[in-house]
Amino acid sequence: EVTEQAVAVLGAAFEAIGIPARFDWRIFGGAAIDETGEPFPATTREACLGADAVLLGAVGGSSWDDLEPARRPERGLLELRNTLGTFANLRPVQQYATLADASAIRSDAIAGVDLLVVRELTGGIYFGPGREFVSEGERIAESVMVYSETEIRRIARVAFEAARSRRGRVVSVDKANVLDVSRLWRAVVSEVHAREYADVSLSHGYIDSTAMRLVQDPASFDVILTANLFGDILSDLAGALPGSLGMLPSSCIGGSCGIYEPVHGSAPDIAGTGKANPYGAILSGAMLLNDLGHTRAATAVRLAVGRALDAGYHTSDLARGSKAPVSTAEAGSAVLANLSDAFGDTSGGSKASKIAATH
Ligand code: IPM
Ligand code: MN
């Protein structure tokens, strides 16, 4: 449902800049398992490998939860990221003043939140060796967190580069007080910083205390650099800041083409009811436009989302008090309705476009 809205907005944005975009829909995750038995079938793989960008919908649902690990929807997602080599997952988190009431965090604490989680995406415990076995009649399982210095170096560079175009501050998050893999992480991040990015400020934090600080003082963060598992956890936690995980977009970059997907999952409890928040998916479309070089279109989409929110188009995850929530389609239509005006405001460096450009 949310992907449909994102594609409608993307289509309109491409049309506005005169680019004849072609959308090639492919099955993936649960839908693909139902049709082919596999979460990431070859036809989908070929299409992704040949595309300029992949816009991804969420993949899971209770009907596929009991499958063996290799056939689960999540496995398809990991294979897609690995196949395209997208080792860097960028998850920006931003506060919208108009959603202040929606957040579980006090409005003075979330005011001005504008942070970026840079999550390593094709390594760590997600891709290390894992197994379950029986020893002396007892079931034992292990999952190993592995990082090479090459993997750490390249994700660190993504975070430092991002910081240069933002507020110049990186906090690298690990568990170096306990884990060997984190001690290497910390050492390599510090080396890259000293050699190549001395102009950026770097600090290190432990995953536990950083999680706390992210709730207590979220506005103090600029770029958070972290490993696959820690980034998965922190980015969902960060979803509580703007009020709903449904607001968060993401991009997966560094590979043969980018993958753009909202941070949220498939929300099986509300699937098909028209309640889902499409803004995260639409904002993922803005990230896609930006990475393809259509920065003005990207800005216009973000502006149009901001205006739809300002005008009160809040889905049920965002609506508070006596205000009736809007449906997925109504929220998407509100963005579309604001898009051409938003394009008008992106030319000539108006105040509005300057605000949007910082998003
Ligand atoms: C995410 C999701 C995925 C992940 C799951 C569905 C495999 O939670 O993109 O954050 O853990 O990476
Ligand atoms: Mn997640």
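Quick note: the coordinates plus some simple rules give every number you see, no bench work behind them. In this text the structure is predicted, and so the values were computed from the model without any measurement. Cβ sites come from the backbone with ideal geometry, for glycine too, and all protein chains shown count toward neighbours.
Here the relative contact order of the chain, from alpha carbon pairs under 8 Å that lie six or more residues apart, stands at 22 percent.
Taking Cβ atoms as reference points and 14 Å as the exclusive limit, the residues near ARG119 contribute a net charge of -3, counting Lys and Arg as +1 and Asp and Glu as -1. Considering only GLY255, SER340, LEU237, and ranking their Cα positions along the charge dipole of the chain that arises from unit charges at the beta-carbon of Lys, Arg, Asp and Glu, the one farthest toward the positive end is SER340.
Distance from the C-alpha centroid of region 181-230 to that of region 52-67: 30 Å, rounded to the whole angstrom. Packing around the peptides 7-16, 68-77, taken as the average count of other Cβ atoms within 10 Å per residue, puts them in this order, highest first: 7-16, 68-77. Is any helix in the chain, taking whole DSSP H runs, at least 20 angstrom long along its axis by alpha carbon and on average at least 0.0 on the Kyte-Doolittle scale, and which ones? Span-like helices in the chain: 2-16, 295-310, 328-346. Sorting the segments 98-110, 231-243, 273-285, 130-142 by their residues' average number of neighbouring beta-carbon atoms within 10 angstrom, most packed first, yields 273-285, 231-243, 98-110, 130-142.
Helical content alone sets the calculated 222 nm signal of the chain at -13500 deg cm²/dmol, taking -39,500 (n - 2.57) per DSSP H segment of four or more residues and averaging over every residue. Under 14 Å from the Cβ of LEU78, count the other residues' Cβ atoms, weight Lys and Arg +1, Asp and Glu -1, and hand me the total. So the surrounding residues net to 0. The alpha carbon convex hull volume per residue for the chain rounds to 151 Å³. Less than 10 Å Cβ to Cβ from TYR313, Lys/Arg counted +1 and Asp/Glu -1: what total charge do the surrounding residues give? So the surrounding residues net to -1.
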